[in-house]
Every structure is written in structure tokens, then in C-alpha cells.
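Let me begin by presenting the structure, written as C-alpha cells, before commenting on it.
The values are calculated or read from the model by the stated rules, or taken from the named source; none is laboratory data. If you're wondering where the values come from, they're calculated on a predicted model, not measured in any experiment. Positions of Cβ are generated from backbone atoms using ideal geometry, with glycine treated the same way; all protein chains shown enter the neighbour counts. Note: areas computed on protein heavy atoms with side chains; ligands, DNA, RNA excluded. Shrake-Rupley method; radii C 1.70, N 1.55, O 1.52, S 1.80 Å.
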Amino acid sequence: MIIAKGLSKSFIAGNDTISVIDNLDLTIDEGKFACIVGPSGCGKTTLLKILCGLEKQTSGSMLIHGQPPDPKKQRFGVIFQEDSLLPWLNVISNVKLGLELYRIKDADQIATKYLDMVGLEGFEKYYPHQISGGMKKRVAIARALAVDPEIILMDEPFADLDAQTRSIMQKELLSIWSKLNKTIVFITHNVDEAVFIGQSVSVLTKRPTKVKTTVSIDLDYPRSRLSPPFISYRERILGLLQEEISSL
Amino acid sequence: MLDLDVTIMPKMDRFRSVLIGVASLAVFVVAWQAITMATNSPFLPTPVQVFQAFLKISTIGDIDGYTLWWHIGVSLYRVLLGFAVAVITAVPLGLLMGVKPLVKNVASPITEIIRFIPPIAWIPLSIILLSGINRYIFLLWIGIFFPILLDTIAGVKRTSETQVNMAKSFGADNTAIIKKIIFPSALPEIMNGLRVGLGVGWMCIVAAEMMGGEPVGLGRLILKYANLLQIDVVVLGMVVIGLIGLAMNYLLLSGERRLFKWRVEIKA
């Protein structure tokens with residue numbers, strides 16, 4: 001359960017105070033797949049950093065399972081937009097990194113299990129520069145899952161992938177989520193992606209951002225991009241987002 | 001097209017460049033021989049004379065009975081000691097200066113001035129203050145410390161912010177971040193600093209050994225025979241210094257290539 005109440009964050013740049021998040025309220029229930037969309041530059045990444053305890057809010061509260069987020073006390077599985085694999089480690093050592101930082105035993109066994117889950121059996125000894133962009137994302141996902149996180153946070157994880165790989169990754173993520181039954185917070189600027197994978201889509205306003213509306217997507221998985229309800233959800237959210245972009 | 005170039009060229013290139021290199025060296029030695037024969041100066045030894053000096057000094061030894069191998073061993077020992085002290089001090093300080101702005105602000109005014117004082121300028125002071133092996137270690141440390149320090153700081157700057165955030169998201173503390181992310185990120189630059197530092201150290205040792213002390217070391221060998229006006233041994237010492245410097249550089253470079261396959265791949 002993630003509860004944000006009156007969350008605000010501002011940065012000081014020189015003499016100016018830049019307000020990035022202003023009075024944001026958000027509730028995500030346990031085990032949900034929640035998507036967050038917003039105009040680019042609205043503060044999505046800042047929100048994610050507060051969610052995993054990398055940044056502290058200026059005011060308001062953010063509680064995960066009743067506690068303020070702190071990666072030293074809780075475990076998060078964060079998947080970043082940029083490539084975050086360590087190029088000097090092979091695939092299995094990259095997956096083991098979180099396990100080693102949390103001093104979890106049987107790291108080899110656990111890492112192998114999650115590499116199998118993301119379909120990278122046999123690639124343990126490869127180095128990041130030897131595998132494709134989609135495979136790197138799979139490694140990052142395996143690394144995040146391996147620590148058995150309380151929540152999984154994804155910041156535009158598939159933004160750098162080509163359309164085909166992206167669509168495959170969306171399906172695989174859904175299948176992993178259905179197996180693990182974990183809360184996923186998935187930040188994207190791609191409305192089609194959000195409607196395809198999310199149980200709910202929260203639309204953020206332009207900066208300083210807050211939640212404009214949360215739309216519950218009442219469609220069964222697997223979803224068809226061509227079905228009329230899918231298209232109507234997509235059009236509705238695109239419309240909400242459009243209001244924000246055009247008022248910039 | 002590009003693939004073809006990349007896969008076929010290296011083999012051809014390597015063979016040809018070795019061939020050209022050997023030919024160039026042969027031309028150099030022949031030219032050296034020709035010049036010495038033309039000038040006919042008693043102070044300019046021929047390659048053959050230098051080789052004869054090599055046979056003599058490496059088997060019988062010099063005027064004090066020390067063989068060439070002993071001189072080489074002593075010089076190498078001093079360089080490696082000074083090198084070790086420089087690595088142990090420069091790498092941690094460089095990491096700290098790269099990570100903590102406060103440490104950098106405190107240390108850099110001092111290091112920025114000292115690094116422009118050549119090791120040779122430290123010799124008089126070191127003769128007064130230090131003796132024995134400590135003097136050599138100090139002079140080498142002064143020479144080797146700064147290339148390693150500067151490259152370590154530069155290496156830390158290459159650390160990716162995403163990688164640091166990733167480690168933090170797994171609850172990593174500062175020590176873990178330095179160990180798991182910053183140090184490995186900086187390692188290619190640090191290795192480069194080690195290579196440059198070792199080269200500088202090898203040059204420093206000759207100067208340091210010429211300033212007196214024990215009658216051993218390659219620098220001292222050169223000085224002894226310069227005083228005797230036996231230039232063949234002087235040139236022998238110079239050639240040996242060059243060859244050993246080359247060998248050390250080669251060893252470190254091949255170590256770097258093996259260690260940083262993940263980075264070198266792009267060039268191939």
C-alpha cells in the first residue's frame with residue numbers, strides 16, 4: 001500500500017525556488033499494477049525518487065506500508081530509464097549486485113532463478129556490451145526482482161527500446177507480475193503502454209505536478225489494442241494529457 | 001563494408017607494422033654505426049662496442065664488481081617500492097577528492113602547487129633530510145604520486161549517476177558505493193595513471209641514483225663510467241633503461257587490455 005498525501009517537492013536553483021511537485025495525493029493498493037503518465041518534464045522522475053527514498057519531499061507525506069521510504073529498511077526494485085547495468089560485470093554478477101548489497105545468502109541460486117524468469121537462461125557469462133537493449137532491460141528487471149522487493153518501481157523502462165521489443169517486454173512484464181503478485185508503479189509518457197499494462201492510470205498535471213485524475217482500467221488481460229473499450233480508454237487519457245500539454 | 005574492414009585489417013596491420021618496426025630499428029642501428037664510423041670520435045661508441053660492453057658488464061661486472069643484472073635489480077626494486085607507496089597514497093586520496101568536494105577544496109591548493117615542482121628540484125632537500133632507501137622512495141613518490149592522483153580524480157568523474165542511484169536504491173552506503181560503483185568506474189583511468197606514473201618513476205630513479213649514495217643502480221652505473229669517459233657503458237646503461245621502460249609499459253598495457261575487455265571491445 002502506497003499513500004502519498006499533500007506531497008510537495010521544490011528545488012532551490014540560485015535565487016529561485018522551483019516547485020516540481022505540489023500537493024500530490026496518490027493511493028496505490030497492494031499488488032496493483034499502477035501506471036503514472038504525465039507530460040514530459042513534469043516531475044515524474046522526481047516522484048519516483050521520492051517513492052524509493054532517493055529524494056526527500058519538501059512537505060507532505062509518502063508512506064509505503066506505513067513507513068517513509070528508505071532503501072536501507074525496505075527493499076525496492078527500481079528499474080531506471082537509462083541503462084543502469086555495470087559494464088564491468090557479467091550478467092549474473094549484475095543480477096547479484098542487489099543481493100550482495102543486502103547481504104542475502106545463496107545469491108547465485110537466486111540470481112539464476114530470476115534470470116530464467118526473464119528468459120535469459122544461458123546468458124549468465126555475457127557482458128552488457130554483448131547483449132541487446134531489450135536483454136539489458138531484462139537483466140535490470142531480474143536484478144530488481146532478485147531482492148524480493150516490497151514494491152517495483154519503473155521509470156520509463158522501455159522508452160529506449162524499439163516498438164517491437166517494447167511490445168514483447170510489456171507482455172512479459174505482465175506475465176511476471178501475474179506470477180509474483182507484487183505492486184508495480186510504472187511511470188511512462190506513453191499512453192498506449194499505460195492502458196495496455198496498467199490496472200489504473202494516474203494522469204499528472206504539468207509542473208508543479210499533482211495527480212489530475214486516476215482512471216481505473218477495467219479490462220481483462222490480455223488486452224487487445226484494437227478493442228473499442230481499449231481505444232476509448234486511450235482516447236480519454238490522451239485527452240486529459242492533451243489539456244496539460246496544450247496549456248503549457 | 002565496415003564489418004569487412006574491421007575484421008580483415010587488424011591481422012594485415014599487425015604483420016605489416018611489426019615488419020616496418022623491425023626494419024626501422026635496423027635502419028636506426030645501421031645509421032648509428034655509419035655515423036660513428038664517419039665521425040670516428042672516441043666518445044661516440046658503435047652499436048658493436050655497446051654490445052661488447054653489455055657482455056662485459058653483464059658477466060664480469062663493473063669496476064666495483066657489480067654486474068648489470070644487479071644494477072637493474074636494485075633500480076627496479078627502488079622504483080617498485082616508490083611506486084607502491086605512491087599507489088597506496090594517491091589512489092585513496094584521489095577517490096576521496098573525487099567524491100568529497102570538501103576534501104578536494106582542502107587538498108587541491110597544495111597538490112596543485114607541488115605537482116609543478118619537478119622531482120629533480122627535490123633532490124638537494126632529500127639529500128639533507130633523508131638517507132638510504134628512504135631518499136629514493138621519497139623522490140620516486142614525488143614523481144609517481146601526481147599522475148596517479150590526477151587520473152584517479154578524472155576517473156571518479158566518469159562515474160554514471162544512474163549507476164550510483166541504482167546502488168542507492170538497493171540501500172548502498174557510501175563505502176559500498178565507492179567499492180562497487182566508483183572505484184570500478186575509475187579503474188581504467190587509474191590504470192592509465194599507474195602506467196604513466198611508472199614511466200615517470202623509471203625516469204626519476206636515474207636522476208636520483210646519480211646524486212650519490214650506494215654505488216649501485218643503473219643511474220649510478222652511467223655516472224661511474226661517464227667519470228671514466230667510458231662512453232660505451234654509458235650508452236649501454238641508457239639503452240637498458242629504455243628497454244626496461246618499454247617492457248614495463250607493455251606489461252601494464254597488456255594487463256589493462258585483459259582487465260578492461262568490456263571497454264576495449266569498442267575499438268576492435
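Yes/no per residue for (1) on the phi > 0 side of the Ramachandran plot; (2) free of Cβ contacts under 8 Å to residues at least 24 places away in the same chain; (3) open to solvent by 80 Å² or more (accessible area, probe 1.4 Å); (4) of a type in the set (Asp, Glu):
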| residue | (1), (2), (3), (4) |
| --- | --- |
| B:30 | no, yes, yes, no |
| B:51 | no, yes, yes, no |
| B:67 | no, yes, no, no |
| B:79 | no, no, no, no |
| B:98 | no, no, no, no |
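Within the stretch A:156-195, if we keep just the residues that are touching a residue at least 60 places away in the same chain (Cβ under 8 Å) and among the small types (Gly, Ala, Ser), the residue that is surrounded by the most Cβ atoms within 10 Å (Cβ to Cβ) turns out to be A:194. In summary, helices (runs of 4 or more DSSP H) completely within the stretch B:115-191 and bearing 1 or more residues that are over 18 Å from residue A:80 (Cβ atoms) and among the basic types (Lys, Arg) occur at B:133-157. Take the conditions (1) in a loop (DSSP other than H, G, I, E, B); (2) touching a residue at least 24 places away in the same chain (Cβ under 8 Å); residue B:94 misses just one of them, which is (1).
The set of residues in the stretch B:216-254 that are among the aromatic types (Phe, Trp, Tyr) and surrounded by 15 or more Cβ atoms within 10 Å (Cβ to Cβ) contains only B:225. Restricting the first member to the stretch A:196-215 and to residues that are part of a helix (DSSP H, G or I), and the second to residues that are open to solvent by less than 50 Å² (accessible area, probe 1.4 Å) and of a type outside the set (A, V, I, L, M), the beta-carbon pairs closer than 8 Å and six or more apart or on different chains are A:196/A:170; A:196/A:223; A:196/A:230; A:197/A:33; A:197/A:35; A:197/A:170; A:197/A:186.
Before we move on, is residue A:123 of a type in the set (Phe, Trp, Tyr), in a loop (DSSP other than H, G, I, E, B) and within 25 Å of residue A:44 (Cα to Cα)?
Numbers: of a type in the set (Phe, Trp, Tyr): yes; in a loop (DSSP other than H, G, I, E, B): yes; within 25 Å of residue A:44 (Cα to Cα): no.
No, not satisfied.
The criterion of at least 1 residues that are at negative phi and facing chain B (nearest Cβ under 9 Å) is met, among strands (runs of 3 or more DSSP E) falling completely within the stretch A:7-101, by A:76-79. Could you grab me the full set of residues in the stretch A:126-150 that are part of a helix (DSSP H, G or I), open to solvent by 50 Å² or more (accessible area, probe 1.4 Å) and within 20 Å of residue A:175 (Cβ to Cβ)? Listed by number, the list holds a single entry, A:136. The set of residues in the stretch A:1-47 that are touching a residue at least 40 places away in the same chain (Cβ under 8 Å), open to solvent by less than 70 Å² (accessible area, probe 1.4 Å) and among the hydroxyl-bearing types (Ser, Thr, Tyr) comprises A:8, A:10, A:19, A:45.
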